[in-house]
1. How would the range B:1-62 be classified by its alpha-carbon gyration tensor: rounded, prolate or oblate, with rounded meaning a/c under 1.5 and the a/b versus b/c comparison settling the rest?
2. For A:Ser229, A:Ser150, B:Ser267, which order do you get if you count the other beta carbons within 10 Å of each Cβ and list the fewest first?
3. Quick one: if the Förster radius is 22 Å, what FRET efficiency do B:Asp186 and B:Phe331 give, using the C-beta to C-beta distance and rounding to 0.05?
4. Can you compute the equivalent ellipsoid semi-axes for the range A:118-269, i.e. the square root of 5 times each eigenvalue of the Cα gyration tensor, sorted largest first and rounded to whole Å?
5. Considering only the protein assembly as shown, what is the antiparallel percent among its DSSP beta bridges, to the nearest 5?
6. Taking 0.36 nm per intervening residue step and subtracting the Cα-Cα distance, what contour gain separates B:Ser131 from B:Asp250 on full extension?
7. Just grab the label-to-label distance for B:Asn24 and B:Leu300, each label 7 Å out from Cα along the Cβ direction, in nm (one decimal).
8. Strictly over 18 Å apart at the Cα level, which of B:Lys269/B:Lys317; B:Lys240/B:Lys384; B:Lys84/B:Lys136; B:Lys62/B:Lys201; A:Lys117/A:Lys305; B:Lys25/B:Lys46 would you flag in this model?
Amino acid sequence: MTSSAPFRLAIIGIGKISFGSHIPAALASPQIELVAFVDPDTTRAREIASEFGLDIEIVAAIAEMTQEVDGAVIATPNHLHAPLAIECLDKGINVLIEKPLASTVEEGLQIIEAEKKSGQKVSVGYCTRYYPNYQLFKQLLDRNYFGRISRFAYQFGTPGGWSTFSNYIMDRENVGGGVLVVTGTHFLDRMIDMFGFPDEVRLLEDSLGGPEANARLLMRFGEGPAQISGYASFSKTTALSPGMVLETEKGHVLLADNQTDLILYPDGSPDLAVSLHKPDRSKTEICQFQLQIEDFVHSCQQDRKPMVSAAEGLRSLELLETAYRNKEQFPENWFEKKGAGK
Amino acid sequence: MKKVAVFGASGFAGTAVVERLLKNKDIEVVAVIHSDGNAWRLSRRKDLTLRQVDITVPQQTKEAMTGITHVVNCTRGSDEVMLKGLEILLHEAKQAGVEHFVHISSILIYGDRPAPASVHDTAPPDPQGNSYGVLKLKQDNMVQKAAKNGLPATIICPPNIIGPYSLFLNGLVNMIKNDQFGLLGDGRHACATVDVDNLAKAIDLALFNAAGDGSRYFVTDNYDATWAELTDYLLHLTDKPGLITIDQQDIESHIKPPKVSYNPLKSLKHLVSSDVREALRKDPLLCKVDVFFRGLVAKLPGNMEDRVRLGIEGPMKIPKVSSAPPINWQFCSAQMRGVFHSCERLQQELGYTPDHTFTESMNAYVNWYKAMRGYDTEFADLLKRLP
């Protein structure tokens, strides 16, 4: 594959995330030529193609695709990621898989096996890695700019959220969990990228047999003086301002989601807030889905590791499985704690 | 077996109704939702099937009514959903032979300054131009008409709904945090409330005990709470040392509707203003026309170009920049309602007693708020730093 030729891309699964993010990102990218949509609901796929003025091949299954493609975005319900990714890889097609990598660690391992066998690239759609202030924070963290980090707390919550076309999100089996998978896994990926895999994980969640709507993780990384204690909360019922606060040797650091800047509140100076950002803010204006798809294309063309590899995607899956294995019921006895309110 | 369909089941009130009815093993509950995005609280239950229906589509609504004996309408949405949707719901419920239809109204049918007589639910409603109140009253009239035409129906009319997950309380906490709320005077003005579980209980009672003659019942916590009492619970959830105080004159001066005047000359000037021309210049042909006319004006003698511009745009306007708190005056004006609504008729006719007191409900909300935000953990100090 030469880097000057357009990268021929198919999108598999024409649901809300493809409509709202992957298709616009692919169309905005100068290197990409969108050549096919694959979705069992070809009528809806055709309607969406015409929304974007696209005259491309629309088929119900990968096997029906006649177009030569270099890569495919897989944006289907989670339980379909593995079979579709393996089918693509076996056909010599590189894949960018929407997060999470698969529904289970076992399926994730099958994808990695197929990746090795085919020699193709697998990238995982953890697009929040491209948040400008996260990239800056990671760079500073790697240089030990903040000194020792002792604690962090993260939260992300919305009262409800976007609706899927297929309602698959309401089925725990299809999703592989609840809000921890749908929302939380983005942070888990970044968290592993920052601090590695936690040594201890405790999950409190409110599932009553279906996908949980609220999940709280309590974690420990390392031990002794280097120990980091972590908290992460995800909600589909309550608005929680998305972001992370870290307790560091230099002071508290506020890393609000998807901002250009991060804020350092130096210890001992309560009236001071230091804003840190990369020298050129204009470079942060491209949406993270476009950055993600372009990274995928470049990793295929330059035969290099993508931003989030299948192996990294597998780590997030392992953490999800560990957390669900250690889950406890989130107490909802609001009326029982009498007098505790005020 | 009774089969109850709760339309608008994923909303705050709808979820409480579903959760209450599920505890009664003699009832089969059908939770009807518009979309899955907001249904997370319900979908975490394995014992409940969600049914997705657009109530503005008659066929979908008709199918959803199959086998249903009782209906609760908790839907909200656009005017189309509220009016056309309700019309379809009422029609299909009657066609399906539904035994009882319960509809949720709002005390806003008595407007922003309810008459003293509106203590009682027998008082004639008057929304006084409050747009939501006007819409809710139209709905009440439709339900009462349906009751007259043979669909047993009851209307339950709540004030501010409180308790865990309360949207009203969430909004108020945010306003206190952001200096958008001011307490009127000493805060002794009436703040009518009902805990969401108490509301669900009233709906449950109405479904199976009411006459179904289209009567409207107030439901409250049967406690005369004041704004000072209510906000005292919420202030502790913020880092504010105290509430901003305002007076009636402040509110009245801020909520006067702006005068709308129609001035053809002003409209014409707006058409040739730089804002409009800038948008038009995005079209290459219109851009050329604009360049041509600007060229003509530039050739005019003296300072004519400046005078033309001043004539069209008017003098520069520098807006006043105030450091005063950004009070939400419209919301704050609710403190001037001044009426405690009585749930006496609901008590006498349907045997209603609140399950939770105002104090219990507010404490539960505070417990919920703290738990959802991790304020009950060792990470509270970090989490409170998030905006």
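Since every read-out is calculated from the coordinates, none of them should be taken as a lab result. A quick note: this is a predicted structure, and the numbers were derived from the prediction, not measured. Heads up, the Cβs are rebuilt from the backbone with ideal geometry, glycines too, and the neighbour counts pull from every protein chain shown.
1. Oblate is the answer for the range B:1-62, as a/c is 1.5 or above yet b/c matches or exceeds a/b.
2. B:Ser267, A:Ser150, A:Ser229
3. Computed FRET efficiency for B:Asp186 and B:Phe331: 0.70.
4. 28, 18, 16
5. 35 percent
6. 40.6 nm
7. Placing both labels 7 Å along Cα→Cβ, they lie 7.7 nm apart.
8. Over 18 Å Cα-Cα: B:Lys62/B:Lys201.
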